[in-house]
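Only one structure is covered here, and it is reproduced in the block below.
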Amino acid sequence: MIKKYAYSTIILILFQSILFSQNFSFNYKKDDKYNIIVRGNVKIYLNGKYIGLNSKEAKILFRVEDVKDSSFFVSGDVFKIDKTLRDTKSVGYKIDDSYKSSFTLNRSGMLKFEEGANILIPNIITFPDKEVVINDSFESYGNVSLNFFNEEKPINLKTITYSKYLGKKDYYGKNYDFFEINYGYVNDGSTKIKKTNGYHKIRFVFDNNDGKPIFMDDHFEEEFLFENNDIIKQSGFYLYFYKPIEKMDKNKVIEDLTTDFFVENTDFKNDFEFKKKDNGISITLNNLKFKANTTDLLDSEKPKIDILYNLLKKIKDRTFVVEGHTALAGTETERQKLSEDRAKTIAELLIAKGIEQGKLLYIGKGAKEPVAPNDTEENMQKNRRVEILILED
């Protein structure tokens, strides 16, 4: 009787394994867009001395530019966000850095990018070219992008990954495929890192019906020995949230914003400019005047902020980026600080009027993105502007 029961159990397990076996692959279409939020807390030690806790957040907006030969060509924008609370005043969140990023992803999950590229998403899983059943394990190689000292070009390291399929589980009311992943670094001597040690333990949630990731958490402890014998030790976690982007009808949004605007605000129509951009829509405030050498708006300019608030409150479920720009005057450091402080001022005013703090980011661009040559006072005035980007996120 016991043997019969044991045989029945084995047969049932084998039957379930066959029934739930499946091939895994990523699947995107051209023009698919994704919003990836990365959050993390990392403790950092340099040569045994505690440097501090680095709280990180990034917003990554990616678009599939093309699909060819089972590969996806992806590009987009990365915004690194500082969410440190320095006082009790409600301000938007500062963008520490923003840049373009691109890579190639194949259907199995292998990432390819140029040496020195700053890719915030680690290549931690490559699905095998065979059916996988519950408790199957498989090994793959990948690569990650590391930046320890805010250098222009990060360090790209190869990884070795061990993955185990755990089956389907509930994730906020829906059944998805769960994987347990562990990875470490393969140091081939091609970088200034002499030796690596540590581990990453990851939970990866994947929707195989749709061919897209849903969530990933990465808990880790790692140590790096550099050529100059510096030792950096890091421990903490990263969380990755993947969300498809609802496409924005940019023509309709601009039409909706400008129809009422030009009827009601004829006195200011030359001070507002609306444009379509790759990652959303921009509203440029031209001729925005501040008190000399300050970040305080002139009283005569405050009606423009009222107009801007009334425009933005019509936009639902999108993020706003306030960009400050200056003319080519003063030092680069002075221009950067002035543009950042003025962007922050506009963000504060919009939040005070009712825009949700979590929807507002701000960044200073200095004189890096002029719209006119800095050769006349009139042109320099054009470059002294504030742009609000309505992100397609």
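General remarks:
- Unmet criterion (only one of (1) at pLDDT 90 or above; (2) out of contact with any strand residue (DSSP E or B) (no Cβ under 7 Å at 6 or more places or on another chain); (3) acidic (Asp, Glu)) for Glu392: (2)
- Any hit, the stretch 319-329, residues being without any contact (Cβ under 8 Å) to a residue 40 or more places away in the chain and either assigned to a helix (DSSP H, G or I) or surrounded by fewer than 18 Cβ atoms within 10 Å (Cβ to Cβ) (or both): no
- Some residue of the stretch 356-376 being more than 23 Å from the chain's Cα centre (by Cα), crowded, with 20+ Cβ neighbours inside 10 Å and modelled with pLDDT under 90: yes
- Filter pass, Ile10 being farther than 30 Å from Phe103 by Cα and at pLDDT 80 or above: no
- Annotation: of all residues in the stretch 342-366 being of a type in the set (Lys, Arg) and assigned to a helix (DSSP H, G or I), the one that is nearest to Ala329 (Cα to Cα) is Arg342.
- Total residues in the stretch 275-318, condition surrounded by 15 or more Cβ atoms within 10 Å (Cβ to Cβ) and either under 25 Å from the mean Cα position of the chain (by Cα) or not assigned by TED's automatic domain parsing to the domain that holds Glu369 (or both): 9
- Qualifying residue in the stretch 290-307 (condition: under 22 Å from Lys80 (Cβ atoms) and hydroxyl-bearing (Ser, Thr, Tyr)): no
- Check on Gly52, among the small types (Gly, Ala, Ser) and either at pLDDT below 90 or not assigned by TED's automatic domain parsing to the domain that holds Glu221 (or both): yes
The values are calculated or read from the model by the stated rules, or taken from the named source; none is laboratory data. Here the structure is a predicted model, which is why all the values come from computation and not from measurement. Note that each Cβ is placed from the backbone with ideal geometry, even for glycine, and that neighbours are counted across all protein chains shown.
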